[in-house]
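A.B. asks: Sharing a structure below in structure tokens format, with a few things to ask.
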Amino acid sequence: MFPLFSKAAHAPPHNSLPPLLHRIIALVLVTGAAILSVVPARDAACEDSAHGPNIVFILADDLGYGDVGCYGQQKIRTPNIDRLAAEGMRFTDFHAGGAVCIPSRACLLTGLHSGHTRQHGSNNHQPLEESDLTVAEVLHHAGYTTACIGKWAFSDDHDGPGAVQKHGWDFYFGEPNQTTVHEYYLPRMWEFDRDGSISGKTPDTGLREVPIPENANGQRKVYSHDLLTARALEVIDAKAGKGKPLFLYLPYTIPHANIDPPDDAPYTRENWPQVEKNYAAMITRMDTDIGKIMKRLHGVGQNTIVFFSSDNGPTNSKEGHQADFFHSAGPLRGKKASLYEGGIRVPMLVCWPGHVSPGVSHEPWAFCDFLPTAAELAAARAPEKIDGVSFLPTLLGKPQPPREVLYWETPSSCAVRMGDWKVIASNQGKNVELYHLRDDLGEQTDVADKHPEIVARAREFLKAAHSGDSAGPYEGKSADQKREKKEKKEKKEKKRAKQ
């Protein structure tokens, strides 16, 4: 079981309470028991009484805003993703949590922006801590079966605080190590089945090795990505429409390098560099698998909402792939690791037949909004101290409260979005750029000198956006460090005044 919203809290020793307080508590407990005996209760902390939709989140890795047909791609074939867009809602102004993998995914899972996650904007393999509340835990406690299949990214070991089985998942299959996960012919993967109901094995208490003998000793016979899809289909068959609703998080590794698919179909005859044929083949392979998943979900009924997105913008690869070959960033400036739109604006498709009307939305939102959205879908309580807001109103065609700000950071820069304005600060805030995205989506014209009042407002936000012990990208300090420095200064001044 996963303690909800208070993972780090510990109750005081029973004998530390005064005798009178003991009597008061006893009276309250007796009275409460009497009330509960006549009021219907939601059993097992609501775990067996959820009636929300199945929730499926499919995440690509390093897929650019322009890498799929419904966002303008002309060469790479993505018919199933395009169908998802045609039958659902396509968002033109959706953003990842960060410009690189780990910090971006931390925002998706925790509902925080990158100034408030412990990973911040760094890709240095910082694990989650057991006290970090994830969307999996929120949905688990709302009565969902939770399954993560693919790239976990938050623990390079199998039993540390960031280990996948410690963060709300009932089932996991994949390679949790952030380094080896990008190899596509793995000799082994790892599985965790909390109650054994999917694997048919004894319930697991930790990760269990699943050998892939066909890839032993350097052989390359089984493409690891294919196993993720196969396991996802097994989970859908075992759990979707079988009582509890299902939350399936499917973080694929495609099209992140290594760019070495089993074949380059259907692009073999194209007059392209081989590496570009391989890159396109990886995306089309993922698209085919998404088609399989959608078909299987259709078989278990209509009450399933599907999200599709990418963790950051596109990038060049060590094999020689060039993101510009397919115009992977579309009309956007920048690539992965950049806070220009090309690094953080990504596809987002949402399909829920009978609930989400097909169409296009230009509402700006981001990864941190997924947790509260999923919580509202499940009629669950989202944590209070998060940065995200539920976007269910937009999905259901209802008025969405205006979004005040969105925030991102890297170790050396930070950015804030305020309406159509976007400010990017670097060199510890000494360099500031301002763009009006509605008129300048490609961020070609810096208008910071013309709108000092907008820049000043952004600076005030950026000063306080980074919390924690680490140095922030703006002024080289976090908001906590600045506050501590200010408090020390005030104490010294008071002390001098008394003298």
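Derivation of every value follows stated rules applied to the coordinates shown; laboratory data play no part. Just so you know, these numbers come straight off a predicted model, no measurement behind them. Cβ coordinates were reconstructed from backbone atoms using ideal geometry, including for glycine residues, and neighbour counts include every protein chain displayed.
A.B. asks: Using per-residue counts of other Cβ atoms within 10 Å, averaged over each peptide, order 51-57, 209-215 from highest down.
C.D. replies: Per-residue Cβ counts within 10 Å, averaged per peptide and sorted highest first, yield 51-57, 209-215.
A.B. asks: Can you tell me, using C-alpha contacts under 8 Å and at least 6 residues apart, the relative contact order of the chain as a whole percent?
C.D. replies: This gives 21 percent for the chain.
A.B. asks: If you split all Cα-Cα distances of the range 54-395 into 20 Å bins from zero, what percentages do you get per bin, shortest first?
C.D. replies: P(r) over the range 54-395, rounded to whole percents: 33, 62, 5.
A.B. asks: Ordered by packing density, taken as the mean number of other Cβ atoms within 10 Å over each peptide's residues, highest first, how do 267-279, 392-404 rank?
C.D. replies: 267-279, 392-404
A.B. asks: Once you've got the Cα coordinates, tell me which of Lys422/Lys486; Lys242/Lys398; Lys166/Lys244; Lys201/Lys239; Lys239/Lys295; Lys430/Lys463 are over 19 Å apart.
C.D. replies: Listed pairs above 19 Å: Lys422/Lys486; Lys242/Lys398; Lys166/Lys244.
A.B. asks: In deg cm²/dmol, rounded to 500, what helix-only [θ] at 222 nm does the chain give when every DSSP H run of at least 4 residues adds -39500 (n - 2.57) and the total is split over its residues?
C.D. replies: Using -39500 (n - 2.57) per qualifying helix, the result is -8500 deg cm²/dmol.
A.B. asks: Filter the chymotrypsin sites (Phe, Trp or Tyr not before Pro) in the range 310-369 down to the DSSP loop ones having no more than 11 other Cβ atoms within 10 Å, then list what survives.
C.D. replies: Those that pass, being in a loop and sparsely packed, number zero.
A.B. asks: Give me, ordered by chain and number, the residues 5 or more places off Val210 or on other chains with an amide H under 5 Å from its own placed amide H.
C.D. replies: Placed amide hydrogens put Met189, Trp190, Glu191 under 5 Å from Val210.
A.B. asks: Hey, got a sec? Which trypsin sites (Lys or Arg not before Pro) in the range 120-217 land in a DSSP loop and have at most 16 other Cβ atoms within 10 Å?
C.D. replies: Lys201
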